[in-house]
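Comments concern the structure below.
The values are calculated or read from the model by the stated rules, or taken from the named source; none is laboratory data. Values in this document were obtained by computation on a predicted structure and should not be read as measured data. Glycine also receives a Cβ, built like all others from the backbone with ideal geometry; neighbour counts cover every protein chain displayed. To get the accessible areas, we keep the full protein, side chains included, count just its heavy atoms, and leave off ligands, DNA and RNA. Shrake-Rupley method; radii C 1.70, N 1.55, O 1.52, S 1.80 Å.
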Amino acid sequence: MDYFVIQGGKRLRGTIKISGSKNAALPIMAATLMCSEPVVLRNIPDLSDIEYMVTILEKLGVRVDRLEPGTMRFEVVDESISHADYETVRKMRASVCVMGPLLGKRLHARVAMPGGCSIGTRPIDLHLKGFEALGADVDLIEGGDVDCQAEKLEGSEIFLGGHFGSSVTATANVMMAAVFAEGTTVLESAACEPEVEDLANFLVAMGANITGQGSPRIVIEGVDRLDGGEYTIIPDRIEAGTFMVAAAITNSELRLENCRTAHLMAATKVLEDVGVFVEKDNGDVIISSSRLLQPVEITTQPYPGFPTDLQAQFMTLLSLAEGNSVITEKIFPDRFLHVAELNRMGAKLRKEGPIVIVEGVKRLIGAPVMASDLRASAALVLAGLVARGTTEINRVYHIDRGYERIEEKLNAVGAEIHRLDR
Ligand code: EPZ
């Protein structure tokens, strides 16, 4: 099993190219199930989660061809199977994104109920509520599968807000299920994330009739079919935000290529309050920072608020600020597995329910730590970059799910990260 050994204290300098967005690519790949002609997707990131989605789609009758790095061709060749089994789904929660396309196109979807994960219970009640509102019968059947089927789907007005606000993949799933539904579907309290907007733009490019994407109110007019075509995935804003922190925490200057600051307004605002300089330069971003980091308060919110997927990375940064910061996690209140690991490295973090008080310290100390969820693992890599001495990060498979060769990208700008196997 791979692990990282990081020698801390290196200043970084140079350019990092941001890869395609994992959380846009996954639902868009699932949406190819709905297309009657072949689809070519570009800027797909090279991640294990992407490989899982390819496997799932092949089991569901999609032929997937790798044309060149980052570019794949998808063609539906068999529509007889609409069951994604537990063995496949348990490896990646996002496989739940095949439900909407299967129900929308084949009027049947049977998917293993995704379990919880290290960041929370992750229910899908909003997904299922949306499917029922479109006219599907939804049953929990033996073996933990959820079975959705319909004679036909009819447009409906659907409120998709939950206890924690909007839901990214519920919005994606119900929007996809509504593409062929008769009449008009209105999604109120829809997720506004750029990844949902990118999915809607893909569907429209294939022939869907969708407006309002990127706003809390999305309107879908049913169409008869989706064609095929070519589409390029947006850059990954969370990978970009992670590397912004890498520059800030090592007091370095980094250029991030292919980085859309419009997708990172909340995180950029916080960085500037901390004392980090974010300069736009023709589609790139140049990050530099003043040596002293100021403490701030962060509360994670649905987009355009501060993203929960950057909470752990910013906690690492703020652990070295000149004072006390407060981080409140409103999306996944238990998303704090990185707290104990960072404390092993000398951070002073105190968890009070969904809040963590971050008492700034002068330095972090290298130590063996354990990766857990994808973004907590990235936060540990960032800590290792700046910690005194050597940091060993176990279970880096978590990182490979969402970051394309992170050690290669960081080593290319001066970090010293070794990927070893034990
Ligand atoms: C997506 O997960 C992302 N994953 C997550 O990124 C991200 O953290 C999350 O959105 C929030 O931005 C993908 O896009 C593949 P939600 P998703 O439904 O859609 C509750 C990463 O690191 N909820 O927006 O599963 C839920 O429990 C991953 O790349 C319900 O109550 O998240 C949470 O508290 C981690 N019922 C809140 O809503 C539902 O039916 C937001 O979850 C669905 C969600």
Around Asp78 (Cβ within 14 Å, Cβ-to-Cβ, excluding Asp78; K/R +1, D/E -1) the net charge comes to +1
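How do 177-188, 201-212 rank on mean C-beta neighbours within 10 Å, highest first?
177-188, 201-212
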Calculate how steeply helix 194-205 sits against the longest principal axis of the alpha-carbon atoms of the chain, using the helix alpha-carbon long axis, and give the answer as 0 to 90 degrees to the nearest 10.
30
Rounded if a/c is under 1.5, else prolate if a/b beats b/c, else oblate: with a ≥ b ≥ c from the C-alpha gyration tensor eigenvalues square-rooted, which is the stretch 374-422?
rounded
Between the Cα axis of helix 22-31 and the main Cα principal axis of the chain, the angle (0 to 90°, nearest 10) is 10
Tail weight of P(r) past 19 Å, computed on alpha-carbon pairs of the stretch 95-166, percent
35
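Over the chain, calculate the relative contact order: mean separation of alpha carbon pairs under 8 Å at least 6 apart, over the residue count, as a percent. If you can, show how the numbers build up before the last one.
Working: 1045 pairs, mean separation 87.3, N = 422.
RCO, the chain: 21 percent.
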For the stretch 163-310, what mean projected area does the convex hull of the alpha carbons give, in nm²?
9.7
Per-selection metrics, the chain (Cα): Rg and Dmax in Å:
21.4, 64
Using alpha carbon centroids, what distance separates the stretch 1-70 and the stretch 169-186, in Å?
24
Could you tell me which of Gly130, Leu187, Ala94 has its Cα farthest along the dipole of the stretch 22-232 towards the positive end, charges placed at Cβ (Lys, Arg +1; Asp, Glu -1), taken about the Cα centre?
Ala94
If we restrict to alpha carbons, what Rg and Dmax does the stretch 22-232 come to, in Å?
15.4, 42
Alpha-carbon spread of the stretch 20-110, three principal axes, descending order, Å
32, 29, 17
Please work out how much accessible surface Thr261 shows to a 1.4 Å probe, ignoring ligands, DNA and RNA, in Å² rounded to 10.
20
Theoretical ellipticity at 222 nm over the chain - DSSP helices of four or more residues, -39500 (n - 2.57) apiece, nearest 500
-8500 deg cm²/dmol
Among DSSP bridges having both ends in the stretch 22-232, what percentage is antiparallel? Round to the nearest 5.
70
